[in-house]
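Read through the structure below, which is laid out as structure tokens, and then see the notes.
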């Protein structure tokens with residue numbers, strides 16, 4: 001694997017650990033308080049902080065997932081070269097667009 005991609009995947013993993021823990025803490029809090037989806041959307045609507053938090057989460061997850069898929073396609077699928085990189089970029093872009101669209105829907 002490319003050393004830059006290896007380091008980038010590990011860096012995004014390190015970034016996602018506190019984001020995942022925070023996300024799980026929010027889920028536990030919301031369920032313990034009996035909050036409904038409407039309650040949660042009411043709290044996230046218009047919040048730049050929540051938008052930033054989840055946008056960073058989506059960007060990190062998109063990069064991390066795309067690099068992981070690249071490794072799987074190379075090792076198990078036998079893809080190499082341009083096709084491998086194209087698959088990585090396409091998958092990462094799809095994850096990024098869908099994830100940011102979800103963030104937008106929850107915050108705006």
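The values are calculated or read from the model by the stated rules, or taken from the named source; none is laboratory data. Small disclaimer: the values here were computed from a predicted structure and weren't measured. FYI the Cβ positions are ideal-geometry reconstructions off the backbone, even for glycines, and counts take in every protein chain you see.
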Could you check how many residues of the stretch 89-108 are under 19 Å from residue 49 (Cβ atoms) and in contact with a helix residue (DSSP H, G or I) (Cβ under 6 Å, 6 or more places away or on another chain)?
5
Note down all Cβ pairs under 8 Å where the first residue falls in the stretch 70-85 and is at positive phi, the second is at pLDDT 95 or above, and they're at least six residues apart or on different chains.
none
